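Bear in mind that the values in this text are calculations on the coordinates, not laboratory data. Treat the numbers as computed from the prediction; the structure is a model and nothing was measured. Counting neighbours? That spans all protein chains shown, and the Cβs are built from the backbone with ideal geometry, glycine included.
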Amino acid sequence: MIRTAMVGLGKMGLSHLSILRAHPQLDLVAGCDATAYLTDILTKYSGLKCYGDFDRMLAEEQLDALVVATPSKLHADMVEKALNKGLHVFCEKPFVLDVKDGEKLVSLAESKGLVNQVGYHYRFVGAFKEAARLVKSGALGTIHHVRAEAYGPVVLRPKGGTWRSAKAEGGGALYDYACHAIDLVNFVAGTPASVGGVVRHGVFSQDVDDEVYCTFHYKDGASGQLCVNWSDESFRKMSTKISVWGTNGRITADRQECQIYLREPHPAVQGHGKGWTIRYTTDLTEEVWFYLRGEEYSAQIDYFAQSIATKRTHGENTFRSALDADRVVSMIVGDIPMPVHAPSPATSPKSFWGRVFG
């Protein structure tokens, strides 16, 4: 059994707690949260040994792994302490709020040969996995555009909110919603080289962005768009979609299905003829041992457990891949200067945008 602890027992933490306790290879031996009322209730009714002090838990418990589900500003320090104790770490997204912290943690985890994973659960959704597979197969031909969208009803009035809507703690829609969409872009179509045309707007919030829009630019001349709004009550819950256009067709995927249009059949994808094919997440998803909120949440924890068991340190959703999303976020906020790329002959018809953004 993999002796595991977790820190952060809020909404996402409690979901992880349920999944961890149900996993046949994980032994959840301790939990930690600063809210005494919460830890008292958990200890009384679930029997989980709880701590109010993270350092004390690390010092007193004999652990193999740690799950971090605290507010984002606490991730870097807690992850570093866990890695220095030799623990495998699963950290909720976003990985870090400062790219320099992320670079340090990537190096530390890799130098120690420890399993490291970040909770970008969309990579475990069948429709998104299928979209990534099809793009990588070359079935769409040369990719020239990608668009990622994320909408939902998080901040719907001027006052109130949670730590997610505080700049120093969560970072607003950019870090809480947009990072999911950015990671999907990286996963399905590759990481953009630069960004431009950034629009960041507080609809109700004073401290953070509620809307984020920008353009992505790739070294090969392809482009992309990011559209995020967590103040949209026309959506009952978070809704995320990615679309990819290529010279041989288009793919659009969301939580429910993957729609594929091919101008001509492609040998890399059997069973996809000319025209439309729709694949549903229910048909693309492997059954999990425990269901909560969606198969992907259990699937990512199982992946973490199997990575530890097989010593797989370069799997899916590593610190390194999550840091790619953090870098794009930093480009959006202007913390990382835009790289300059010479326009290639292939992009010369798009001369203006090619010269400006590379």
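A few comments on the model shown:
- As a proxy for reagent exposure, ILE301, ILE41, ILE308 were ordered by neighbouring Cβ count within 10 angstrom, fewest first; the result is ILE41, ILE308, ILE301.
- Long-range HN-HN contacts of THR142 with modeled amide H, under 5 Å: THR247, ASN248
- Beta bridges by DSSP in the chain, antiparallel share as percent, to the nearest 5: 60
- Once the Cα-Cα distance is subtracted from the 0.36 nm per residue extended length, the LYS11 to LYS159 segment shows a gain of 51.2 nm.
- Förster radius 35 Å - calculated FRET efficiency between ARG3 and VAL203 (Cβ-Cβ, nearest 0.05): 0.20
- Arranged from fewest to most other beta-carbon atoms within 10 Å of their beta carbon, LEU184, LEU63 become LEU63, LEU184.
- Build a GNM of the chain with springs between Cα atoms under 10 Å apart, and of THR215, THR240, THR310 the one that fluctuates most is THR310.
- Value at 222 nm in deg cm²/dmol, rounded to 500, when DSSP H runs of n ≥ 4 in the chain each add -39,500 (n - 2.57): -10000 deg cm²/dmol
- Trypsin sites (Lys or Arg not before Pro) within the stretch 171-267, DSSP loop, no more than 11 other Cβ atoms inside 10 Å: ARG236, LYS237
- Rounded FRET efficiency, nearest 0.05, which uses the C-beta distance separating PHE290 from ASP40 and R0 of 41 Å: 0.95
- Summary of the geometry: the stretch 198-227 and the stretch 1-73, compared by the centres of their Cα atoms, lie 35 Å apart.
- Among the GluC sites (Glu not before Pro) found in the stretch 273-339, those both in a DSSP coil and sparsely packed, with 13 or fewer other Cβ atoms within 10 Å of their Cβ, are GLU286, GLU287.
- Within the chain, the longest segment free of exposed loop sites, counting chymotrypsin sites (Phe, Trp or Tyr not before Pro) that fall outside DSSP classes H, G, I, E and B and have at most 12 other Cβ atoms within 10 Å, spans 1-288.
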